[in-house]
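Take a look at the structure below.
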Amino acid sequence: MSSLGNSNNIFWQECPVGKLERQKLLNQKGCVVWITGLSGSGKSTLAFSLNRQLYSRGKLSYVLDGDNLRHGLNKNLGFSAEDRTENIRRVGEVAKLFADAGTICIASLISPYRKDRDACRAMLPDSNFIEVFMNTPLSLCESRDPKGLYKLARAGKIKGFTGIDDPYEPPLHCEIELQQIDEACPAPTVMAEQVMSYLEEKGFLQDQLIVLREPGRMLLNLYTVSSENTKDKTQGNSARDRRDTEMVLNSNLMLTVANVSANLCQYIACNPERLSSDQVLHLLFCLPLRHFGRIALSCWTYLCYNPRPANLPDSDSDSDNDSHSD
């Protein structure tokens, strides 16, 4: 009878949905943003500010906060060197899973020992581990003391407190270092923007969709043909007749668009500027419901900047043609 810990009886199961497919679905690239620094240095504040900014950009992220994790996943661990190492190892493994799923995982922990942070880095492709060092002076952290822990440590009521009687080993080669400027700490939003800029530069926030060119060309060609037919059939007709004729002429087109593949929906979502506003309106009303959510935001944003459908006549001209002439 084998023991549970015998790795000889444990086999890795490959997921049928690959990493690139998950990234395509989320339209982003997964990574781990590891925020390290002394207690009171602003790690959690930065983590949640970054989380909010990513959300505003339509990017999925999740914060693994050190204190929060000790309420559940790591509640059986103390603060000895061994327990701290295990604490960081567990968080690193969870962060790796988030990143593999395509999520931008924001880990916010003191993580005082360099070897433990490096071990987490080794779990991922190097470029996918982004170490952010909150280089806040101990004196400033202690003056903040948001949890009253420095006061307890100075009084000897807490042993092994990082920065007081236990060391903090700063990163040697972190990707981002945030520190005071002219003896003042930048606002959390400013620091979050620095991290966002790095993520943008490295391609983590760019569109990851692999879009087929042919569906896009097909759609644009269909609209071109439909538009030309509409012009031929509606010359000299009243506004109401033009609308009725357009509806008949576009019926086949609408059915075609309603049955396009998911790749075409992705093309539309990534290239709304290629479509005129009337084309976007057709898409909003014709696409199958299962595809609607994937492009609605892009289409709505486009319509906010291009509110008038190009093919619909002006309301003023309707009035001139169909109503009073006094």
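The values are calculated or read from the model by the stated rules, or taken from the named source; none is laboratory data. These numbers were taken from a predicted model, which means no experiment stands behind them. Quick reminder, even Gly has a Cβ in these numbers, built from the backbone with ideal geometry, and neighbours come from all protein chains shown.
Looking across segment 27-39, the residues that are within 29 Å of P171 (Cβ to Cβ) and part of a loop (DSSP other than H, G, I, E, B) come down to Q28, K29, G30, L38, S39. Evaluating Q13 against the criteria (1) part of a loop (DSSP other than H, G, I, E, B); (2) without any contact (Cβ under 8 Å) to a residue 60 or more places away in the chain; (3) closer than 19 Å to P125 by Cα leaves one unmet condition, (3). Among the residues of segment 132-162, those that are within 34 Å of the chain's Cα centre (by Cα) and part of a loop (DSSP other than H, G, I, E, B) comprise T136, P137, D145, P146, K147. For segment 43-60, taking the residues that are of a type in the set (K, R) and buried (at least 18 other Cβ atoms within 10 Å of the Cβ), the one that is nearest to A187 (Cα to Cα) is identified as K43. Quick check on my filter: what residues within segment 6-33 are under 17 Å from A101 (Cα atoms) and among the hydrophobic types (A, V, I, L, M, F, W, C)? If the condition is that a residue be under 17 Å from A101 (Cα atoms) and among the hydrophobic types (A, V, I, L, M, F, W, C), then W12, C15, V17, L20, L25, L26, C31, V32, V33 are the ones that fit. The set of residues in segment 171-181 that are assigned to a loop (DSSP other than H, G, I, E, B) and either among the acidic types (D, E) or surrounded by 14 or more Cβ atoms within 10 Å (Cβ to Cβ) (or both) comprises P171, C174, E175.
One residue stands out among those in segment 61-90 that are in contact with a strand residue (DSSP E or B) (Cβ under 7 Å, 6 or more places away or on another chain) and either outside the structural domain of Q194 (by TED's automatic domain parsing) or aliphatic (A, V, I, L, M) (or both): the one that is surrounded by the fewest Cβ atoms within 10 Å (Cβ to Cβ), which is V63.
For the residues K24, K96, the requirement of being part of a helix (DSSP H, G or I) and modelled with pLDDT of 95 or more singles out K96. Residues in segment 40-65 that are farther than 17 Å from G102 by Cα, in a loop (DSSP other than H, G, I, E, B) and out of contact with any helix residue (DSSP H, G or I) (no Cβ under 6 Å at 6 or more places or on another chain): G42 only. Scoring G203 on the criteria (1) at negative phi; (2) exposed (fewer than 14 other Cβ atoms within 10 Å of the Cβ); (3) touching a residue at least 12 places away in the same chain (Cβ under 8 Å) leaves a single failure, condition (1). Look at segment 115-143: where a residue is among the hydrophobic types (A, V, I, L, M, F, W, C) and a partner is surrounded by fewer than 16 Cβ atoms within 10 Å (Cβ to Cβ) and outside any helix (DSSP H, G or I), sitting 6+ places away or on another chain with Cβ atoms under 6 Å, you get F133/E177.
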